[in-house]
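Notes for the one structure printed next.
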Amino acid sequence: MNTAPVINPGSRITLHYTLTLENGTEADTSRDGEPLVFTLGDGTMLEGLENFLSGMHAGQHATYSVSPEQCFGYPDAGAVHVMPRDDFPVDMDLAPGVIVGFTTPAGDEVPGTVTEIDEARVTVDFNHPLAGHTLTFDVEILAVDA
């Protein structure tokens, strides 16, 4: 019988993970650096990903298919905004794919991805870049402190 602590809400977890898109492109990983250390439920990791960790213990490795509903949701057309080019500094290098930081009226920093640009307008998508994707979540649990 395995007496290793299992992951429950409030557990402190050390793990390595990789998120991969449907086409095999690696979207994010901890494996090329330090492992991720966090407390389950503290908001560090998306709740949809945390749900897969419950009940696991140190030494376990698993791979899960994660739907958009469990992760970053689906793109929202209302999160795409067309802005006047004049709202951006003249010397700002704007091109499709460039991520620009914006400050909300509440003072929060939010990223937006430039999708189109012409002389008069810049189209910015504020959806999460992984919205709409089914991801593969590959996780290796290194340590669990209950």
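Rule-based calculations on the coordinates, nothing more; no lab input. A quick note: this is a predicted structure, and the numbers were derived from the prediction, not measured. For neighbour counting, all protein chains shown are included, and Cβ atoms are generated from backbone atoms with ideal geometry for every residue, glycine included.
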- Calculated SAXS-style log₁₀ I(q)/I(0) at q = 0.09, 0.18, 0.22 Å⁻¹ - the chain, Debye, Cα scatterers: -0.39, -1.06, -1.30
- Task: Compute the relative contact order of the range 77-125 as a whole-number percentage, counting only Cα pairs closer than 8 Å that sit 6 or more residues apart in sequence.
- Result: 43 percent
- Query: How large is ³J(HN,Hα) for each residue in the range 20-28, as worked out from phi by the Karplus curve 6.51 cos²θ - 1.76 cosθ + 1.60 (θ = phi - 60°), to whole Hz, x for Gly and Pro?
  - Reply: 10, 6, 4, 8, x, 5, 6, 8, 6
- Task: Excluding residue 70 itself, calculate the net charge of residues whose Cβ lies under 11 Å from the Cβ of residue 70, where each Lys or Arg counts +1 and each Asp or Glu counts -1.
- Result: -3
- Query: What 222 nm value per residue comes from the helices of the chain, counting each DSSP H run with n ≥ 4 as -39,500 (n - 2.57) and dividing by all residues, nearest 500 deg cm²/dmol?
  - Reply: -1000 deg cm²/dmol
- On a C-alpha basis, how far is the centre of the range 1-61 from the centre of the range 64-111 in Å? Whole number, if you could? 27 Å
- Note on the structure: For the chain, the charge dipole (Cβ of Lys, Arg +1; Cβ of Asp, Glu -1; about the Cα centre) points to a positive end, and the Cα of 137, 56, 70 closest to that extreme belongs to 56
